[in-house]
Amino acid sequence: MRIKLAGLLLALMWFGNQDGRGLSPASPMLALPAFATAQAAPSESKSIVGDWSGALEAQGTKLRLVLHVKKNTDGTLAATIDSLDQNTNGIPVSTVSQKGNDVKLELSGLSASYEGKLNAAGTEITGEWKQGGTLPLVFKRAGAKGAGQKTHP
């Protein structure tokens, strides 16, 4: 199932890259890490801990994602991503960091990353998914008005 997600994400990047470069079909895929590690979230901003919904869209193809962020007992953040449209759950996010309103995710198993900004209300993260190319991706806190995504299939 995880290979399907990686393949679809690669396909989205290949066809969705607006500058035409796309990914090489020979781009290597890395094995997904067994666990997620992260840096501690700063106390001066709203925490990103919780469930977030978003969708990658490219040329009419939509991939709904749910980001699950939790705080470990040592204060670090950990996360996984579910792909609702592929019934794939628990894809590890290898690194999660929040510095103020800046949010960064690394998915080393997919050679992908996400960088975004948390809004002042703490209900939306607006940013870009990078995987050979760049696609816009807005995560909305699950349960927030207008989130519009289920957290479970």
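The values are calculated or read from the model by the stated rules, or taken from the named source; none is laboratory data. Computed from a predicted model, the values in this text were never measured in an experiment. Cβ sites come from the backbone with ideal geometry, for glycine too, and all protein chains shown count toward neighbours.
Considering only residues of region 89-112 that are touching a helix residue (DSSP H, G or I) at 6+ places or on another chain (Cβ under 7 Å) and closer than 14 Å to His68 by Cβ, which is surrounded by the fewest Cβ atoms within 10 Å (Cβ to Cβ)?
Applying the first criterion (touching a helix residue (DSSP H, G or I) at 6+ places or on another chain (Cβ under 7 Å)) to region 89-112 yields 91-92, 94, 110, 112.
Filter again for closer than 14 Å to His68 by Cβ, leaving 91-92.
Values: Ile91: 24, Pro92: 19.
Filtering region 89-112 for residues that are touching a helix residue (DSSP H, G or I) at 6+ places or on another chain (Cβ under 7 Å) and closer than 14 Å to His68 by Cβ, the one surrounded by the fewest Cβ atoms within 10 Å (Cβ to Cβ) comes out as Pro92.
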Out of all the residues in region 48-86, which are farther than 24 Å from Asn101 by Cβ, touching a residue at least 40 places away in the same chain (Cβ under 8 Å) and not charged (D, E, K, R)? Ala58, Gln59, Thr61, Leu63, Ser83, Leu84, Gln86
How many residues of region 113-134 are at pLDDT 95 or above and touching a helix residue (DSSP H, G or I) at 6+ places or on another chain (Cβ under 6 Å)? The answer is 0
Restricted to region 64-77 and to residues being on the phi < 0 side of the Ramachandran plot and more than 12 Å from the chain's Cα centre (by Cα), the residue surrounded by the fewest Cβ atoms within 10 Å (Cβ to Cβ) is Thr73
Quick one: in region 115-135, of everything that is small (Gly, Ala, Ser) and touching a Gly at 6+ places or on another chain (Cβ under 8 Å), which residue is surrounded by the most Cβ atoms within 10 Å (Cβ to Cβ)? Gly116
